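The next block holds one structure in the form of C-alpha cells; read it before the comments.
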Amino acid sequence: MRPTSAPYKKGMYAVLFDIDGTLIQTGGAGQLGFARAFADQFGVAKLSGEVSFAGRSDRAIALDLMRAHDVPQTDENWQRFQEAYLGNLPAALAELPGTVLPGIPAFIAALQQRSDVAIGLLTGNLRRGAEAKLTHYELWDHFPFGGFGDLATDRNEIAATALAAANDHAAACNGRSGPLREAMVIGDTVHDVRCGKSIGAYTVAVPTGQTSAETLSAEAPDVLLDDLSDCTPLLERIGAVLGTAR
C-alpha cells in the first residue's frame, strides 16, 4: 500500500484529520457541553475526572460517564444526552476562547490544489458535534466525508468507517482521479496513531493537544511533527505516492 517514489499514477490520496487538538482548540467547549448535558438531563453536578476525553469517541465517553454517575446506559438516555449536548455546544463554543491550530488553513489550501487528494475527518465527535465545532471555526465545508463517533465506541471502528467513506469518495471521483491509493491519518493522541495503523494508513502525530511528543513518539507514528506549520514532509509523501501530476 505504500510506494516510496513514483511517476504519476492515476489514483487518489485520502488525508483524514482528527478535530480536537489537531485542527482546532476549543478551550474545552466539548467538555463544557458534556457537563451541561449531564447536569440538565441527569442532575450530575460535576463530571467524574476519572473518565478520559482525549482521543475517544463521544459515545464511549458518554457511556463511561453514565456508568460513573449511576445513570442507566439505555438508548433513551443516550438520545437524551445527544440532544442536550448538541443543544449546549454552540453556546459553549461562543463562550470559551479557542483557535484554529497553526498551519491548518495553509495545509488545507495546499491539499485542495490537487484534484487527486480527498480531505476527510476521522474523529470521535458526533457528526453534528463535528459540524458545530468546525462551522464555528469556518472549516466544516472543507470536509465532504468522514468517520464519526455517533455509533462506535472503538476508534478502530471509526477509522474503518472513515476509510470506507474515503473509498466511496474516490469511487465517485473515479472518472477524474481513479481509486484510493493511500490514506494518511493526522492526530494528536495515541488513539489517532493506533487507529491509523489499524487501517494501514500513513500516520502523522502532532503534540498540539494534551499528549506529549514523547508519548506520541512511543507509538512509532510514520511522522512526528511539532505542529502543522510546515507540512512539506506530508506533501512530499503525497507526491511520492501519486506523482506530481494534479
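Since every read-out is calculated from the coordinates, none of them should be taken as a lab result. Given the structure is predicted, the values throughout are model-derived calculations rather than measurements. A quick note on method: Cβ atoms are made from the backbone with ideal geometry, for glycine too, and the neighbour counts reach across all protein chains shown.
Under 25 °C and 0.890 mPa s, how fast does the range 107-246 diffuse according to Stokes-Einstein, given a Kirkwood radius computed over C-alpha pairs? Answer in µm²/s, whole number.
Details: Rh = 15.6 Å.
Answer, rounded: 158 µm²/s.
Just to be sure I understand the curve: with the Debye formula and one point per C-alpha of the range 29-95, what is log10 I(q)/I(0) at q = 0.12, 0.22, 0.23 Å⁻¹?
The Cα Debye sum returns log10 ratios of -0.25, -0.89, -0.98.
Mind sorting L65, L122, L96, L111 by how few other Cβ atoms lie within 10 Å of their own Cβ, fewest first? Walk me through the numbers before you get to the answer.
On the way: L65 23, L122 32, L96 15, L111 19.
Lowest to highest Cβ neighbour count: L96, L111, L65, L122.
Nearest 20 debye, what's the magnitude of the dipole of the chain about its Cα centre given +1 on Lys and Arg Cβ and -1 on Asp and Glu Cβ?
Numbers: 20 positive and 29 negative charges, 155 e Å.
It works out to roughly 740 debye.
Along the charge dipole of the chain, Cβ charges K/R +1 and D/E -1, which of G87, T161, L224 sits furthest on the positive end?
In the chain, that residue is T161.
How high is the FRET efficiency between S212 and S115 when r is their beta carbon distance and R₀ equals 35 Å, given to the nearest 0.05? Don't skip to the end; give the middle numbers.
On the way: r = 37 Å, r/R0 = 1.06.
Efficiency, from the Cβ-Cβ distance: 0.40.
Tell me the label-point distance for the pair K46, A91, using the 7 Å Cα-to-Cβ offset, in nm and rounded to one decimal.
For K46 paired with A91, the spin-label model returns 2.2 nm.
With the dipole of the chain worked out from charges on the C-beta (+1 for Lys and Arg, -1 for Asp and Glu) around the Cα centre, which of L121, V51, Y13 lies farthest toward the positive end?
Y13
Would you mind classifying the range 54-176 by shape? Square roots of the alpha carbon gyration tensor eigenvalues, ordered a ≥ b ≥ c; an a/c under 1.5 is rounded, otherwise it is prolate if a/b is larger than b/c and oblate if not.
Numbers: a/c = 2.62, a/b = 1.53, b/c = 1.72.
Taking the square roots of the gyration eigenvalues as a ≥ b ≥ c, the range 54-176 is oblate.
Based on the mean of other Cβ atoms within 10 Å per residue, sort peptides 66-79, 227-240 so the most packed one is first. Before the final figure, lay out each step's value.
Numbers: 66-79: 12.6, 227-240: 16.3.
Ranked by mean Cβ neighbours within 10 Å, highest first: 227-240, 66-79.
Highest first, please rank the peptides 140-151, 190-201 by the mean number of other Cβ atoms sitting within 10 Å of their residues.
Details: 140-151: 18.6, 190-201: 23.2.
Per-residue Cβ counts within 10 Å, averaged per peptide and sorted highest first, yield 190-201, 140-151.
Tell me which label goes with the value of volume of the Cα convex hull per residue in Å³ computed from the coordinates here: (i) 113; (ii) 156; (iii) 134.
Matching entry in (i) 113; (ii) 156; (iii) 134: (i).
Taking the Cβ-Cβ separation of A68 and D230 as r and a Förster radius of 35 Å, what is the calculated FRET efficiency to the nearest 0.05?
Values: r = 41 Å, r/R0 = 1.17.
Result of the calculation: an efficiency of 0.30.
Mind checking the dipole of the range 151-246: about its Cα centre, +1 per Lys or Arg Cβ, -1 per Asp or Glu Cβ, Debye to the nearest 20?
Details: 7 positive and 13 negative charges, 99 e Å.
With Lys and Arg at +1 and Asp and Glu at -1, about 480 debye.
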